[in-house]
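Nothing in this text is a laboratory measurement; each read-out follows from the coordinates by a stated rule. Here the structure is a predicted model, which is why all the values come from computation and not from measurement. Using ideal geometry, Cβ is built from the backbone for each residue, glycine included, and neighbour counts are taken over all protein chains shown.
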Amino acid sequence: MWYNNCEEKARMKVKGLMGKMKRLPGNTWGTLWNPGREDPRRLIHALKVGLSLTLVSLLYLIEPLYKTVGQNAVWAVMTVVVVLEFTAGATLCKGLNRGLGTLLAGSLAFGIEYVAQESGHVFRAMFIGGAVFLIGFASTYIRFIPYIKKNYDYGVVIFLLTFNLITVSSYRVDNVLKLAHQRSLTIAMGCGICLLMCLLFFPNWSGEDLHNNTVFKLQGLAKSIQACVNEYFNEDEKEERQDKSLSEDPIYKGYKSVLDSKSIDETLAVHASWEPRHSRHCRFPWQQYVKLGDTLRHFGYTLVALHGCLQTEIQTPKSIRAMFKDPCTRLAAEVSQALSDLADSIRRRRHLSPGILSDHLHQSLHDLNVAIKSQPKLFLGPFNKSFGSNKKPTAPHSGPLLLSSVKTDTSALMEWRNRRAVSGEGCKTTLRPTLSKMSITSLEFSEALPFAAFASLLVEAVARLDLIIEEVEDLARVANFKEYVPPALEVDDPEKIVVTCEKGKEDKRAMQIESNLPSHGTE
């Protein structure tokens, strides 16, 4: 019997291993194919890097070029690997920083070497050591200045690296001028090849990525608030959501890209400021996009709290929620439509429509206010039975517990108090987590209290919508967007950028932009 069981387990393991081996080619192909399918620009960028490395390798392969630069050709290869980034702005930023840092470091190193040569051998070593210390101290300290850290940090690192290599090498090398000239020449060749590749062959612009990413975030917030309110009043959708993980939740996907976009927006804005003028739309106030992104994140925080109302343990009964379903869903639909209109105006680079805040939005707010005021006893709680009379309300602790939507357990709270009195302070730490829940369930709250929180957050979203509209208007004014044209009179603009995402891939766009951001190497 034991032998048969072992044989059966071994057979199952072999069968599972054979199944994995059969699926390995398909899984490997899918892993390799997905990045290019999600963003075809990645494949083009890989081809540009391969071609650039081939060109700089000619410094080794062609004899006349090798005699000119010698072993320093490796600096050209290193420059291409480090400088050539996904977008033109990132490549220009790193390439110009690297070139400027190398030029300044070489010039300063020549000055240090000229002064050191006029002294004796011992004093020369002391002078070089002191210069390395002072330059290293000053360069490192300058990196902490916010403006330098933001725009020229990579250039300062290259300056420090090149200065130390040339200065220290000059103590053992006789012809330091030739060494510095060859290294500077190879670095210039590498930077030149990178700039030509990123600007002339299918360029990817950081400014366009930032522009399209802003449109995508507005669309995600519009879908998220609509789905959140619909799910709150639809029990079937809530049950379907509970079966899915958080990463698959459409509500979470809508605002996650907004909350995680701060570093992405700032990086793209810095790189976009380095890009040359390549169309009449390219010179935009990129920092204005960063300000708009901050406002969108504050709106996203409200959506996080609104989404949390769907996951609380204490829920308003369905019968009570149904009383306010119509004004809430209409209000969410109007907010979603306004966000979509904002996204469309930025995408088309046009001013906002005068009717961006329609009368339907104000009417929905009014209807929700009327619906809440029509049920005063519901929101004041079950113990306020004397509402509208001259009788003094009964104290909350003296009446019976009437909250049907929460399981009350006063005996559990009394038992906890008795145990605490008997055991003293020893059980304070272990029993403290249960105190708050027992206290809540033993009190007499209104059944509509959770919905009141949901409604207040929905109204807060409307208030934050005004702030988004103000930021979009400022962006349109500073960036000189076109005047608004009614749809009936609008003529298609051949230069407009259209954001198109295949069905099922909208949630991947933020991850694509983040994965396309440059790495921060220091070579």
query: Residue by residue through region 206-222, which ³J(HN,Hα) values in whole Hz follow from phi under the Karplus form 6.51 cos²θ - 1.76 cosθ + 1.60 (θ = phi - 60°), with glycine and proline marked x?
result: 5, x, 5, 4, 5, 4, 5, 5, 5, 4, 4, 5, 4, 5, x, 5, 4
- request: Towards the positive end of the charge dipole of region 289-377, with charges on Cβ (+1 Lys, Arg; -1 Asp, Glu), say which of S364, T312, T302 has the farthest Cα.
  value: T302
- line: Normalised per residue, the volume inside the convex hull of the alpha-carbon atoms of region 62-136 in Å³ amounts to 131 Å³
field: More than 15 angstrom apart: percent of Cα pairs within region 101-170
entry: 52 percent
- request: Describe numerically, in nm with one decimal, the distance between label points set 7 Å from Cα along Cα→Cβ at M323 and at F201.
  value: 6.9 nm
statement: For region 49-185, using Cα atoms only, the Rg and Dmax in Å read 16.6, 50
task: Please work out the Kirkwood hydrodynamic radius for region 261-356, using every pair of different C-alpha atoms, and report it in angstroms with one decimal place.
output: 16.8 Å
- request: Kindly state, as a whole number, the per residue volume in cubic angstrom of the convex hull around the alpha carbon atoms of region 70-111.
  value: 59 Å³
message: Using only the alpha carbons of region 1-113, what is the convex hull's orientation-averaged projected area in square nanometres?
response: 14.5 nm²
Cβ charges +1 (Lys, Arg) and -1 (Asp, Glu), total dipole of region 1-132, debye: 940 debye
task: Name the residue farthest towards the positive end of the dipole of region 1-160 from the options G106, T31, A88, assuming +1 on Cβ of Lys and Arg, -1 on Cβ of Asp and Glu, about the Cα centre.
output: T31
field: Computed magnitude of the charge dipole of region 87-178 (debye, nearest 20; Cβ of K, R +1, Cβ of D, E -1)
entry: 320 debye
query: If the viscosity is 1.306 mPa s and the temperature 10 °C, what Stokes-Einstein diffusion coefficient in µm²/s follows for region 155-201 when Rh is the Kirkwood radius over Cα pairs?
result: 132 µm²/s
